[in-house]
Amino acid sequence: MAPRKPSTPQYVCIAILFAFVCAYQARAMLYYFPEMFHHQAVGWPFIPSYIAGEPHATFVLPNGLDAGIKENDILVAINGRPFTGTAVYGDAIARATIGDTMQVTVRTPSEPAPRVASVIIQRHRLYLSSAGIVMVVTLKIVLPVFCILLGFWVAAVRPRDPSAWLLVPVLLYLSTLYNAGIESWGPGVRDLATIYRFSINSGWPLFMFLFGLYFPERSPTKDDPRWWRWTTAIYIPTMIVVALLAIIENVGEVENFAAVARLAAFLERVGPLIFVLVFVGVGSFFASMKIKSHLAASRDAKRRFNLVYAGATLAMTPLFILSIIQSFKGRPLEQIFPEWLVLGSLLMLMFFPVTLAYAIVVQRAMDVRVVIRQGLQYALARRGVFVLQVILVSIVITAEIALEGSAQRSKPQKIMIIALGLVAILWMRKLAVFVRAWVDRRFFRDAYNAEQILSGLSDEVRSIVETKPLLERVAQRIAESLHVPRVAVLLQDGGWYRPAYAMGYSSSPEGRLPDSAATIQRLRQDSDPERIYLDDQDSWINSSAVSEEERRTIADLQPQLLLPLSMKDSLLGLIALGEKRSEEPYSGTDLRLLKSVATQTGLALANAQLTSAIAVEVGRREKMNREIEIAREVQERLFPQKLPPVAGVDYCGRCRTALGVGGDYYDFLALPGGMLGVALGDISGKGIPAALMMASLQASLRAEAMRAGNEIAELMARVNQALYEASSADRYATFFYAQFNPASRGLSYVNGGHCAPLLFRAGGGDAADGVERLGSKKIERLDEGGPVIGLIPECAYQQAELTLATGDLLVIFTDGVSEAMNSALEEWGEGRLIETVRATQGCNASEIITRIMQAADQFAAGAPQHDDMTLIVLRFL
C-alpha cells in the first residue's frame, strides 16, 4: 500500500508554531545580547523573584547595590507604583532610558520600615568572565537555536509520527530555561509569552514521559502490567492539571500576584509531590529507553536506544543533582552554587539534543563505547598534544625573552640564546608530529592499522595476476584490517554474478545474481559502495525495484556493505562485507579506503582475467599448433616419398603451403603395365579440414586407379561420388588426373574443374644444332573433363587422349602459382608463368620447378603468400 501523503493542516500547524517560537526566541536573544544586534538596551538593576509569597530583588547588579538595594530585599513599589506583579517592574524598564533614575521602594525582611532607593539606569552589560560569556552564548543562543531547528525539522519530515511531535516540546524546553525579560514585553504579549514558556517548562516531564512511550514507536500495550496502565492513566491527567496550575500561577505573578497567592501557597506546599511527579516523568523516559533496548529486534535499534539513554543521562544528571539540593535550600541555583558549576551543568544539557539528533538522523548508529572511544580519546589525546605544544612554545619564548633581555649578556650570547630558542621550537614541532603519530597508533590502533593495511593493499594487488590468489588476498586483508568476520566475492560469469570466494560462512553461499538485477544495476551505475540495511524498511534494498528472490540472495550473504569491482563502465564483480565485530558501522574513512582498494582490485582483476584469457588462448593455440604440426606431418606423408621409375620421362612435384597445413594435393602412382598416374588437386578451404579431405581423396584415388585400367573418366566419376559422400556440403576439390603409358607414349587425362595444365610441344623449332629451343614450342591447354569433384553427385566426365613426342614438357599447377600477388594486389598470371617456363631451356624437371617458384616470389616482392603453390613438371625424353 502506498504511503499516505501528509495533509496540509499538519504543515500549516508546523509553520505557525515554528513562526511563533522563532519570534519568541528572537525577542529573547535581543534581551540576552542586545549588543550583538546593535540595540541600545538598558540594564536591569535586579531580577524580581517570588519567594515564600513575596517579591524579592535577586541578582542585584552594581548600580542597584550602589543605590542601597540589598540581595533578597522585598519589593514594595517601582516609581511610586505598588509592586503587584513583575509587570510593574517590566513596564518601568521598558519606559526607562540610559541615565534615568528609577525609584525603587524596598524593605529588608528584618526591618519593617520601607526605604526608597534611587537607581541610575545604565547600559546593558554582562558581568561575566570571557569563559562565562562563551558558556552563556552557548546556552542562550547556540543550544536553543539548535534544539528549535532539530525539533521542527523532525516534525516536518515525519508529520504523522507522534514521537516527532513530542520531540518538539522536549527540545523546546532547552530554549526556555532562562527568563527572557518577558515582563517588559508589553501587555498581552508578555502574558502569551509566559503561557508559552511555562507550558513547555511545566509540561516537560509529561512530554518526556510520552516521548519515552512513543519513541521511536508506541510501546506494545497488550503485555503491559496492570500497575503500569493505572500509572499511565493517573499520571497523564495529573501532570496536565499541575501544568495548568503552574501556568496560571506564573501569569498571576506577572500581572497580579495577589489573585494567585493562595494557588502559589498551595503549589509550594505540594512541591515535594510535584518533584516526585517530575522524577517519575523523567525517570520513565530513561526506563523506557532501557526496556526498549532490551526488547529491540535489531542491534541497530539497541544501539540507538543505548545512545539516547547515555546522552540523556550525561546531560541531565549534573542538573538533576543540583535541583535536588535546590529543593531543600529553597533558593535559586545561582545563589547556592558557584557560577561555573551552574553554567557547566546547564552546558551539559547539550549532550541530550546532540545524541538525540544523532540517533534520529544517522542511517546506522554506533555503539556507545565506540562513540566515547572515538570522541573523547580524539578530543583529549590529539588536542592535548596541541595544547602541550602551545604551552611548551610559550615557555621557551618567555625564557628566551628573559635571558636575552639581561644586561649582563654579551651580544654573541644573546644571538646564541635566540638561535637555541628557534632550534628548540623547531625541535618541539617535530616532536609534536611524532607524538601525534604515536597517539594514533596507541589510541586509534584499529583505525591506524586499517588505513596502513588497506593503503598497502591498494599497491599490493597490482602485482597479483591470478584471480584466486587475488581474491583471497583482498578478502583476508579487508577482514583483518576492519575486523569483518564475513566476506564474499561474486564475479561475473556468463551473465550471472556467482560466488567466487567466501570466508566466515558456515556453508559456502550458493546464490547468484543475474546481470539484470536491481542491485547489479545500482552498483554499475553509481560505482560507489552501497550500504545494506535489510531491517530498514526505507532502505533501497527493501524497495519494490528489488525482487523477493534477489533480496533473499542478498540476505544469504549477510552483508552490510556491497563494494563494486569495476573497470571503466564494466562491473566485473562485487565484494559483500558483513557487519564488523564491534558492530560499528562503516565510516566515511572506511568507505574511502575500501573504494581505493576496490578500484585497484578491479584493475588487477581485469588484468588477471586478461592474463587467464591469454593463457587459455596460448594453450589453445599451442594445442592447435601441435595438431597442425601433426597434420602437416601426416600431409607430408601423403605426398609421394619416392618417385616411381618410368622410362622416357623426367618428372618432379613440389608443394609449398600458405599455412602449416595446406589444401593442395599431388601424387604419382605406379600403375600396372609400367604406367604412371599423375594427380594434382586443390581442396576448397585450408587447414586441417582440407587435409582430411585430401586424405580421403588420396585413398579413393589409389583404390580406384589400381582397377580402372585406362577408363579414367569412370574413375573420376567414382572418386567424385566417394568424395561427395565423405565430405560436407560445402567441401569440394578441383582435380586433374592423367595416366602416361611409356610404351605407346600416350597420355590419357581428365580435368575436374582444375586450372588447365600447359603442354609445351617440341615441334616447329630451329633444330640445326640438334637441341629443341623452348621459345619455339607450341602450347596446348588440357581442359577436357567435367566439373569439380565432391560437390555434385553422379557426375559424368570425359577423358582426352594425347600422344607425346620427345622434348614435350607438361606443367601442371594450382591457382596459387598463377595467382601469386604482390603488395599492389597484382596477379603474376599465366603469361609470366609461360615466359618463365620458356626461359628454362636445358633444365631438368626439379630445376624448372625451382625457377618457377623463384620467379613467382620475385614478382610478389615479399608480399605474404595467400594460397598454396603446387607444381608438377614432366619432361618427355
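The values are calculated or read from the model by the stated rules, or taken from the named source; none is laboratory data. If you're wondering where the values come from, they're calculated on a predicted model, not measured in any experiment. For neighbour counting, all protein chains shown are included, and Cβ atoms are generated from backbone atoms with ideal geometry for every residue, glycine included. To get the accessible areas, we keep the full protein, side chains included, count just its heavy atoms, and leave off ligands, DNA and RNA. Shrake-Rupley method; radii C 1.70, N 1.55, O 1.52, S 1.80 Å.
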(Q) Would region 65-112 count as rounded, prolate or oblate if I go by the C-alpha gyration tensor, calling it rounded below 1.5 in a/c and otherwise prolate when a/b exceeds b/c, oblate otherwise? (A) oblate
Q) If you take the beta carbon distance between ASP857 and GLU633 as r and set R0 to 30 Å, what does 1/(1 + (r/R0)^6) give as a FRET efficiency, to the nearest 0.05? A) 0.75
Q: Determine the dipole magnitude for region 73-213: charges of +1 sit on the beta-carbon of Lys and Arg, -1 on that of Asp and Glu, nothing else is charged, the reference point is the Cα centre, and the result goes in debye to the nearest 20.
A: 180
Q: Answer rounded, prolate or oblate for region 684-737, using the Cα gyration tensor with square roots of eigenvalues a ≥ b ≥ c: rounded when a/c is under 1.5, else prolate when a/b is larger than b/c, else oblate.
A: prolate
Q | Carbon and sulfur %, accessible surface of region 549-683 computed with the full protein complex present, 1.4 Å | A | 54
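Counting other Cβ atoms within 10 Å, which trypsin sites (Lys or Arg not before Pro) in region 511-618 have at most 11 and lie in a DSSP loop? Walk me through the intermediate numbers first.
Working: sites: ARG512, ARG522, ARG524, ARG531, ARG551, ARG552, LYS568, LYS580, ARG581, ARG592, LYS595; in loops: ARG512, LYS568, LYS580, ARG581.
Sparse-neighbourhood loop trypsin sites (Lys or Arg not before Pro): LYS568, ARG581.
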Q: Please give the residues of region 858-872, grouped as numeric ranges, whose backbone N is less than 20 Å from a label point set 7 Å along the Cα-to-Cβ vector of ASP650.
A: 871-872
Q | Cβ-Cβ FRET estimate between SER544 and LYS595, R0 fixed at 35 Å, reported to 0.05 | A | 0.80
Q. Measuring with a 1.4 Å probe in the full set of protein chains, what accessible area per residue, in whole Å², belongs to region 794-850?
A. 45
Q. For region 21-91, with only Lys/Arg (+1) and Asp/Glu (-1) charged at the beta-carbon, what is the dipole magnitude about the Cα centre, in debye rounded to 20?
A. 160
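Beyond 17 Å, how much of the Cα-Cα pair distribution for region 152-217 remains, as a whole percent?
More than 17 Å apart: 48 percent of the Cα pairs in region 152-217.
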Q) Quick one: which of 249-257, 489-497 comes out on top by average Cβ neighbours within 10 Å, and what's the full order, highest first? A) 249-257, 489-497
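Which length gain, in nm to one decimal place, applies between LYS778 and LEU192 when the Cα-Cα distance is subtracted from 0.36 nm times their residue separation?
Taking 0.36 nm per residue and subtracting the Cα distance, the gain is 197.8 nm.
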**Q.** Solvent-accessible area, 1.4 Å probe, carbon plus sulfur percent, for region 487-546
**A.** 40
Q | Carbon + sulfur, % of accessible area of region 10-154 - ligands and nucleic acids excluded, 1.4 Å | A | 65
Q | region 46-93 versus region 169-189: alpha-carbon centroid distance in Å | A | 19
Q. Hey, got the dipole for region 584-668? About the Cα centre, +1 on K and R Cβ, -1 on D and E Cβ, debye to the nearest 20?
A. 80
Q. Is region 631-731 best put as rounded, prolate or oblate by its Cα gyration tensor, with a ≥ b ≥ c the root eigenvalues, rounded for a/c under 1.5, and otherwise prolate when a/b is larger than b/c, oblate when not?
A. oblate
Q.
Charges on Cβ only, +1 for Lys and Arg, -1 for Asp and Glu, centred on the Cα centroid of region 509-625; of ASN542, SER516, MET567, which one is farthest towards the dipole's positive end?
A. MET567
Q) What is the distance, in nm, between label points placed 7 Å from the Cα along the Cα-to-Cβ direction at SER587 and at MET348? A) 2.7
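With every protein chain left in place, what is the accessible area per residue of region 552-603 in square angstrom, probe 1.4 Å?
About 37 Å² of surface per residue is accessible.
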Q) What distance in nm separates the simple spin-label points at THR108 and GLU617, each placed 7 Å from Cα in the Cβ direction? A) 10.6
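Multiply the residue separation of ALA796 and THR850 by 0.36 nm, subtract the distance between their alpha-carbon atoms, and state the gained length in nm to one decimal.
Residue separation times 0.36 nm, minus the Cα-Cα distance, leaves 15.8 nm.
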Q. For labels at ALA296 and THR138 in the simple 7 Å Cα→Cβ model, what's the distance in nm?
A. 2.7
Q. In square angstrom, what is the accessible area per residue of region 645-719 with a 1.4 angstrom probe?
A. 35
Q: Using θ = phi - 60° and the Karplus relation 6.51 cos²θ - 1.76 cosθ + 1.60, list the HN-Hα couplings for region 255-269 in order, rounded to whole Hz, with x at every Gly or Pro.
A: 9, 7, 5, 4, 5, 10, 4, 5, 5, 5, 5, 5, 5, 5, 5
Q) Ordering LYS778, LYS686 by how much accessible area each has at a 1.4 Å probe, largest first, what is the list? A) LYS778, LYS686
Q. When ranked by the protection proxy of mean other Cβ atoms within 10 Å per residue, highest first, what sequence do the peptides 868-877, 501-510 form?
A. 868-877, 501-510
Q: Report the extension gain between GLU339 and ILE16 in nm, rounded to one decimal, defined as 0.36 nm multiplied by the number of residues separating them, less their alpha carbon distance.
A: 112.6 nm
Q | Hz values of 3J(HN,Hα) by residue in region 61-74 - Karplus curve (6.51, -1.76, 1.60), Gly and Pro given as x | A | 8, x, 5, x, 5, 5, 7, x, 7, 9, 4, 6, 4, 7
